[in-house]
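The values are calculated or read from the model by the stated rules, or taken from the named source; none is laboratory data. This one's a predicted model, so the numbers in the text were calculated from it and none came from an experiment. Methodologically, a virtual Cβ is constructed for each residue, glycine included, from the backbone with ideal geometry; neighbour enumeration extends over all protein chains shown. Each accessible area value is taken on the protein alone, full model and side chains, heavy atoms only, with ligands, DNA and RNA left out. Shrake-Rupley method; radii C 1.70, N 1.55, O 1.52, S 1.80 Å.
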Amino acid sequence: MKHLLSLESLSALDLRAILARVPEFKLHRRLHARPLTGQTWALVFSKSSTRTRVSFEVGLRELGAEVLFLSAADIQLGRGEPIQDTARVMGSMLHGAVIRTFAQSDVEEFARYSRIPTINALTDQEHPCQILTDIYTFEELTGRRIEGSVVTFVGDGACNVPASWIFAAAKLGFELRIAAPRDYWPAPELLRRAGAGEAADWHLHPTSVTERMALGNGTLELVVDCTLAARRADLLYTDVWVSMGKEAEASDRLRALQGYQINDTLVAAAKPGALVMHCLPAYRGHEIDAATLERHASTIFTQAENRLHVQKAIIAWMLG
Ligand code: CP
Ligand code: NVA
């Protein structure tokens, strides 16, 4: 049985196998087979969602399944029933589950105890479905593979979205740059798991403003200076400064991340014609300015729409 729990645990081969199935779903939106007919899947969400929720609900239905949306707050899970019991109950009735929660270990525990195909729809550690969509969208819009390209992530470099980008860079082989204040650089332990070896220990060089390291088949650069990080980038990418669950740190984050914004200056530093993407939701004036978002709306909302087609490809890969 296949799960999609993280990009860390997905091989490059499987990542490519998922992406290869997207066009059949995008080109034949309502004409494709309905392999989930007779099945019931659940979305179990402990955090808010627009794109992930709608794309999975619509995608599962278009593949033939019935869908339950379960807000964790409305089921006994929200009152403290253990994951392992919730998972065993759900596993005895459902055919698959899509989980959005806090700890990565909770999704992994759910998969282990439920024994049904389980998808990570975002945890504090990773957002694998998002980055699969981002790579698909980059390749669709540029007409070339991401391998060898330069991707610059700007903002909170220590959250789930850049973490999934890190594993993608290591597996596929491209240059990832993370532009963030040092306090928001990814943890050395995560970098070691992605293959950075001893170079992961950037904290041992307390005054460095740039660190470059080999990362599996790719390269990672941690950079304090946004403009430097944007130079000759093929893709500028950002995410919210205050991730879900970090609301108590909002004022510190807004202060620390001020300036880590995709705007005209940054776009001018990137390659001519570079793509600008945002996983959304966007906070105009924080991680991206309003004019840049609108100028790149066609890319950003294609990226959002592609969530639907990629979710179907993920499910088709899991069934295969
Ligand atoms: N990008 C993303 O996952 O959006 P939602 O939080 O709306 O699902
Ligand atoms: N890093 C963000 C992603 C939102 C899709 C969060 O976790 O809130």
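Could you run through the stretch 292-320 and say how many residues are more than 18 Å from LEU19 (Cβ to Cβ), of a type in the set (A, V, I, L, M) and open to solvent by 30 Å² or more (accessible area, probe 1.4 Å)?
0
Do we find a residue being among the β-branched types (Val, Ile, Thr), open to solvent by 50 Å² or more (accessible area, probe 1.4 Å) and free of Cβ contacts under 8 Å to residues at least 60 places away in the same chain anywhere in the stretch 278-291?
no
Applying the selection to the stretch 91-106, what residues are under 23 Å from the mean Cα position of the chain (by Cα), among the aliphatic types (A, V, I, L, M) and surrounded by 15 or more Cβ atoms within 10 Å (Cβ to Cβ)?
ALA97, VAL98, ILE99
Take GLU126 and decide whether it is charged (D, E, K, R), open to solvent by less than 10 Å² (accessible area, probe 1.4 Å) and within 30 Å of LEU190 (Cα to Cα).
yes
Take ARG88 and decide whether it is open to solvent by 40 Å² or more (accessible area, probe 1.4 Å), basic (Lys, Arg) and either more than 16 Å from ligand 2 (Cβ to nearest atom) or more than 28 Å from TYR237 (Cβ to Cβ) (or both).
Spelling it out, ARG88 is indeed open to solvent by 40 Å² or more (accessible area, probe 1.4 Å), basic (Lys, Arg) and either more than 16 Å from ligand 2 (Cβ to nearest atom) or more than 28 Å from TYR237 (Cβ to Cβ) (or both).
Quick one: in the stretch 198-257, which of the residues that are of a type in the set (S, T, N, Q) and in contact with a strand residue (DSSP E or B) (Cβ under 7 Å, 6 or more places away or on another chain) is surrounded by the most Cβ atoms within 10 Å (Cβ to Cβ)?
It comes out as THR238.
Name the single residue that is farthest from ligand 1 (Cβ to nearest atom) among those in the stretch 101-139 being out of contact with any Asp or Glu (no Cβ under 8 Å at 6 or more places or on another chain) and among the small types (Gly, Ala, Ser).
SER114
Quick one: ALA121 ticks every box in (1) under 25 Å from GLY259 (Cα atoms); (2) buried (at least 23 other Cβ atoms within 10 Å of the Cβ) except a single one, so which number is it?
All conditions pass for ALA121, except number (1).
For a quick check of your reading of the model, give me the residue pairs whose first member lies in the stretch 8-21 and is in contact (Cβ under 8 Å) with a residue 60 or more places away in the chain, whose second is surrounded by fewer than 19 Cβ atoms within 10 Å (Cβ to Cβ) and among the basic types (Lys, Arg), with beta-carbon atoms closer than 7 Å and at least 6 apart or on different chains.
Short answer, once both residue conditions are applied: GLU8/ARG193.
For the stretch 256-292: of the residues being over 21 Å from LEU228 (Cα atoms) and in a helix (DSSP H, G or I), which is farthest from the chain's Cα centre (by Cα)?
Per the stated criteria, the residue is ALA291.
With ILE83, ILE99, ILE135, ILE131 as the choices, which residue is touching a strand residue (DSSP E or B) at 6+ places or on another chain (Cβ under 8 Å) and among the hydrophobic types (A, V, I, L, M, F, W, C)? Can you show your working first?
Values: ILE83 fails: touching a strand residue (DSSP E or B) at 6+ places or on another chain (Cβ under 8 Å); ILE135 fails: touching a strand residue (DSSP E or B) at 6+ places or on another chain (Cβ under 8 Å); ILE131 fails: touching a strand residue (DSSP E or B) at 6+ places or on another chain (Cβ under 8 Å).
None of the other options fit; the residue is ILE99.
For residues that are within 30 Å of ALA194 (Cα to Cα), in a helix (DSSP H, G or I) and more than 16 Å from ligand 2 (Cβ to nearest atom), tally how many sit in the stretch 5-54.
Qualifying residue count for the region: 11.
Quickly run through the stretch 53-81 and pick out the residues that are buried (at least 21 other Cβ atoms within 10 Å of the Cβ) and under 12 Å from LYS312 (Cα atoms).
SER55, PHE56, GLY59, LEU60, LEU63, ALA65
Within the stretch 216-245, which residues are in a loop (DSSP other than H, G, I, E, B) and among the aromatic types (Phe, Trp, Tyr)?
Within the stretch 216-245, just TRP241 meets the criteria.
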